[in-house]
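The values are calculated or read from the model by the stated rules, or taken from the named source; none is laboratory data. Quick caveat, the model's predicted, so the values are computed rather than measured. Cβ placement follows ideal geometry from the backbone for every residue including glycine, while neighbour counts extend to all protein chains displayed.
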Amino acid sequence: MHIYKSISFSLLLILMSSDLSSDEIEEIIVKGNWREAVALQESSSIVILNQKILESQSIKHFENLSYLVPNLNFAASDSRARHFQIRGIGERSGYERTPNSAVGFLIDDIDYSGQGGIATTFDIDQVEVHRGPQGSRIGSNALAGLIYIKTKEPTKDFEGIGEVTSGTFGTLNAGLAFGGPTALSESLSYRLTLRKDYSDGFRKNLYSGKSNTSKKDESTFRLKMNWEIDDETIIKFLITQIDLDDPADIWTIDGSLNTLSDRPGMDSQKTNAYGIKIFHQLDGKEFQSLSSMTDSDIVISYDADWGNPLSHAPYIYDYFSETIRNRKTIAQEFRLVSDLADFDLNKKTEWVLGISYFDVTEGNLKKR
């Protein structure tokens, strides 16, 4: 019997220019729909993880947060969860996949469906899980539901946050986020987020003698800039890069935490994403333009025989599987969104008019 205990220590530093103390009860706002609305006014089933819950978690990845959401599961065949199931509906493996994911996955309105492994959650404002079909919101990628992650926006006053976490198995995580108005103009604000996560993992490869063949080596870079042109128009820019270098030596013959593979697998992903959002307020409605582009290089491999020549002796059995995947997306959406209905002002209707274009190109090269 193997018993492993993990101990972690975290230091959280927040620099704020305003007083956060307040006796008011915070109103929960749903941000993953066409327009922001109070959660109590939503008729669909939504689970919201707010900023307080997110900051309380020492491990900053959505895979760990998913345990807090009822009816949400993920496919555990990868080093990091890429595919999710809501109410039992969704893909079960990261190796064999469909073009359209049953569970949509958006980060800052950019579609990362089928690429949930990049969902590091440092400097995140809110996570929403919309259960049930969301076809009118995201199209064919959301038969079972939608996971929506909103990162923190640039602020008009300078603020910063830093975090350092250390623990057993070589765990060392560090994050820094800061931003505020630029020197060029107060109407142009920014927020820069940097994060590095490392852990050796808790498995040991007895064949090579190494203890880091299932490590986590992940980095996050995100730059957001908001330009308030006037009282009616704002343009939001986003540049992000997520780099996951996570070997996936996890399969064992005897069910222990010690592996015997002679060719440990890999679960790496490097994603570059760019986004531009334009919001222009009109009389009783708002024009919205959302443009985005992503480029992901993914390697998924594993030692399919789970052993080595010594463990298989006197038989010869060598099986290694590798999938090299490249996924590129281009998305453009135009919306004309009415203001919320207000029965007190005799506004009894609300509507959305829009057109969406989404192009995905994915190539898979399998080696065995």
Handout entry: Options LEU223, LEU206: the member that is hydrophobic (A, V, I, L, M, F, W, C), closer than 23 Å to GLY175 by Cα and free of Cβ contacts under 8 Å to residues at least 60 places away in the same chain
Key = LEU223
Fill in the blank from the handout: Output for Cβ contacts, cut-off 8 Å, separation at least six or different chains, first residue among the aliphatic types (A, V, I, L, M) in region 80-93, second modelled with pLDDT under 80 and in a loop (DSSP other than H, G, I, E, B), reads ALA81/ALA75
Fill in the blank from the handout: The residue from ALA304, ALA273, ALA331, ALA313 that alone is among the small types (Gly, Ala, Ser), surrounded by fewer than 18 Cβ atoms within 10 Å (Cβ to Cβ) and farther than 21 Å from ALA248 by Cβ is ALA313
Practice task
Test SER301 against the criterion of being small (Gly, Ala, Ser) and within 24 Å of the chain's Cα centre (by Cα), and give yes or no.
Solution key: yes
Handout entry: Condition check for ASP295: of a type in the set (D, E, K, R), under 16 Å from the mean Cα position of the chain (by Cα) and either closer than 20 Å to SER79 by Cβ or not in a loop (DSSP other than H, G, I, E, B) (or both)
Key = yes
Completion exercise
Checked against (1) outside any strand (DSSP E or B); (2) touching a Phe, Trp or Tyr at 6+ places or on another chain (Cβ under 8 Å), ASN212 satisfies every condition except (2)
Handout entry: Single condition ASP254 does not satisfy, out of (1) within 23 Å of the chain's Cα centre (by Cα); (2) surrounded by fewer than 20 Cβ atoms within 10 Å (Cβ to Cβ); (3) among the acidic types (Asp, Glu)
Key = (1)
Practice task
Scan region 304-320 and give yes if some residue there is of a type outside the set (A, V, I, L, M, F, W, C) and in contact with a Phe, Trp or Tyr (Cβ under 6 Å, 6 or more places away or on another chain), otherwise no.
Solution key: yes
Handout entry: From VAL337, VAL360, residue being assigned to a strand (DSSP E or B) and more than 12 Å from GLN288 (Cβ to Cβ)
Key = VAL360
Completion exercise
Filter region 107-156 for residues that are of a type in the set (A, V, I, L, M, F, W, C), within 18 Å of GLU63 (Cβ to Cβ) and touching a Ser or Thr at 6+ places or on another chain (Cβ under 8 Å); the one that is surrounded by the fewest Cβ atoms within 10 Å (Cβ to Cβ) is ILE124
Problem - Residue pairs meeting the criteria (Cβ under 6 Å; at least 6 apart or on separate chains; first touching a residue at least 24 places away in the same chain (Cβ under 8 Å) and more than 24 Å from ASN205 (Cβ to Cβ), in region 262-278; second surrounded by 18 or more Cβ atoms within 10 Å (Cβ to Cβ) and basic (Lys, Arg)) - result: LYS277/LYS236
Practice task
Among the numbered conditions (1) modelled with pLDDT under 80; (2) closer than 30 Å to SER214 by Cβ; (3) outside any strand (DSSP E or B), tell me where LEU12 comes up short.
Solution key: (3)
Fill in the blank from the handout: Reported set for region 298-317 where residues are farther than 22 Å from SER79 by Cβ and either at pLDDT 95 or above or in a loop (DSSP other than H, G, I, E, B) (or both) is ALA313, PRO314, TYR315, ILE316, TYR317
Handout entry: Filter pass, LEU340 being surrounded by fewer than 15 Cβ atoms within 10 Å (Cβ to Cβ), in contact (Cβ under 8 Å) with a residue 40 or more places away in the chain and among the hydrophobic types (A, V, I, L, M, F, W, C)
Key = yes
Handout entry: Test set (1) touching a strand residue (DSSP E or B) at 6+ places or on another chain (Cβ under 6 Å); (2) within 30 Å of LEU106 (Cα to Cα); (3) crowded, with 20+ Cβ neighbours inside 10 Å - MET293 fails condition number
Key = (3)
Practice task
Kindly check whether there is at least one residue in region 229-240 that is of a type in the set (Phe, Trp, Tyr), touching a residue at least 24 places away in the same chain (Cβ under 8 Å) and not in a strand (DSSP E or B).
Solution key: no
